[in-house]
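Reading through the structure tokens given below for one structure.
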Amino acid sequence: MRNTERIYALSEPQNHRCCYCGHHMIRHQHISGLPTPRNAITKDHFEPRMYGGETVEENLIAACCQCNNLRGEMDAFAFFNLMQKWFKRDPSLRVRWHLISREELGELKIQCQSVHARQLHGLGRNSIEFAFRHFHFVRQWRKNSLRA
């Protein structure tokens, strides 16, 4: 099975709709030199490869090219929620999603990066707090075991 057929088969359970924006996606055969349409079917890693996500069937979802590029390495749930906020704030954005200008798309990309940075900061803070609590627990355990 060719790669385009695999990606098309991946989108069948989703009724060939993007998992983030909900728009209908088209099948596209890449031709060298021509840009990929914004509403073309692409495979997206639910858990980004950068954070250990593998290219296995369970970790792949179908997304339109624009959503996939815009999401980058952001958490899938956070990106979906952000998309819904954008569409709720500006209902016309849902209609013109694949036709928006590069400038507007750039502004949305900056928002995605900002949310992703805040999310990573939160995850880092949680990890540091966990390590501190663990270290405190180990110190107390050692102190109590030395007394006994």
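Read-outs throughout are calculated quantities, based only on the coordinates presented, and are distinct from any laboratory measurement. All figures in this text were calculated on a predicted structure; none of them were measured in a lab. Don't worry about glycine lacking a Cβ; one is built from the backbone with ideal geometry, like all the others, and counts go over all protein chains shown.
Working from label points 7 Å from Cα in the Cα-to-Cβ sense, the LYS43 to GLU12 distance is 1.5 nm.
For the stretch 46-121, applying the loop criterion from DSSP together with a ceiling of 12 other beta carbons within 10 Å to the trypsin sites (Lys or Arg not before Pro) yields ARG96.
With Cβ to Cβ distances under 14 Å as the rule, what net charge do the other residues near TRP86 carry (K, R +1; D, E -1)?
Values: positive: ARG71, LYS85, LYS88, ARG89, ARG94, ARG96, LYS109; negative: ASP90, GLU104, GLU107.
With Lys, Arg at +1 and Asp, Glu at -1, the neighbours total +4.
All other residues whose Cβ lies under 15 angstrom from that of TYR51 are scored, Lys and Arg at +1 and Asp and Glu at -1, for a net of -3.
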